[in-house]
Every structure is written in structure tokens, then in C-alpha cells.
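Trainee: Submitted below is the structure of interest, expressed as C-alpha cells.
Every number in this text was worked out from the coordinates using simple rules, so none of it is lab data. Just so we're clear, the structure is a prediction, and the values are computed from it rather than from any experiment. Using ideal geometry, Cβ is built from the backbone for each residue, glycine included, and neighbour counts are taken over all protein chains shown.
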Amino acid sequence: MDDEAFDALFAAHFHTLVRTVTYVVNDRAVAEEITQDAFVKLLRHWSKVSAYERPDLWVRRVALRDAQRERRRGWKRPEVEASAAPPVSVAGPGDHRSDVLAAVATLAPKQRAIVVLFYFEDRPMDEIAEIVGCSTSTGWSQLHNARKRLALTLAEEVADDVR
């Protein structure tokens, strides 16, 4: 096992993956736990995954799928989420980003993951589809539906073409 390569991957991707997962689950502590678990799974499978062209996508896929599962558990219990801490904010008070993040927090788990990967991480849809485990066309459809819902939530118009 190449410990240096694993350590370099961990150092390069842990914090950005925690941020992404935080946007999906809306709780930084839970996001850190999910991300740590994903890296533990990566370490268990390192002999196989290290041969992949992009092992960072493997760990990202594992973390986001676990985040979506965690989010679905909360999604089915809205009263628990309502009593949770306010949405995570990376912007200052009065900044429009806090409104956007609060609106993103209302999306279904897969839509939230797709929006975060597309807009916050600026990833191409082919890669997003691979990470979340859907076809590219389903990814575009989910993004379109998420944008419509965000537009309603934020009371804004959305252009049809995001490509």
C-alpha cells in the first residue's frame, strides 16, 4: 500500500469534500463524520482504488452517497430537521449566498448533491452523473428541476438552458 499517495489524496481532498458534504447534509459535524468514513472505506479498498485513474472521484462518490442517505433519513423526518441548527452559511449576514444556501437546503438529497457539484464545485455533468450514480441525462433533468424549485423558493426567473 502506498501510504504517501493516500496521504496526499487525503490532504488534497478532505477539506473540500467536507464542505461539499456539509452543503448536502446541512451539518458540518455530520459532514466531517461522513467524509472520514468515506476515507476509511477508501483506505480499506486502497489496493484496488489506487489503480483507478481518479481515486478522488471514488471517495467523493462514496461520501456523497452516504450524505444522500443521511439526508433522506432527515428528509423523512422534517420535524427533526426543523429543530436542527440553522442552515450552514459560508457568507456574511445580508449576503445573498446565505439565501441561496438556505434554498439549496430545501432540495431533495440527489438534487442538492447535483446542484452543489455543478454550481459550487464547477464540475462537468458527466462527472457529476458518475459521482451520484445516474445517467448524464438524468443529471441534467435533476438539475433543471432543482433550478425550477430554487427559482420558486428565491422568487426569481430561471433560464431554461444551463449548458
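Trainee: Per residue of region 6-14, in order, report the coupling 6.51 cos²θ - 1.76 cosθ + 1.60 (Karplus, θ = phi - 60°) as ³J(HN,Hα) in whole Hz, putting x for Gly and Pro.
Mentor: 5, 4, 5, 5, 4, 4, 6, 10, 4
Trainee: Do any chymotrypsin sites (Phe, Trp or Tyr not before Pro) in region 43-72 lie in a loop, going by DSSP, with at most 12 other beta-carbon atoms within 10 Å of their beta carbon, and if so which?
Mentor: 52
Trainee: Whole-Hz Karplus ³J(HN,Hα) for region 17-29, in order, using 6.51 cos²θ - 1.76 cosθ + 1.60 and θ = phi - 60°, x for Gly and Pro?
Mentor: Each residue's phi maps through the Karplus curve to give 5, 4, 4, 4, 5, 4, 4, 7, 9, 6, 8, 5, 5 Hz.
Trainee: May I pose another question? Name the GluC sites (Glu not before Pro) in region 26-61 that are in a loop by DSSP and that have at most 14 other C-beta atoms within 10 Å, would you?
Mentor: Those that pass, being in a loop and sparsely packed, are 53.
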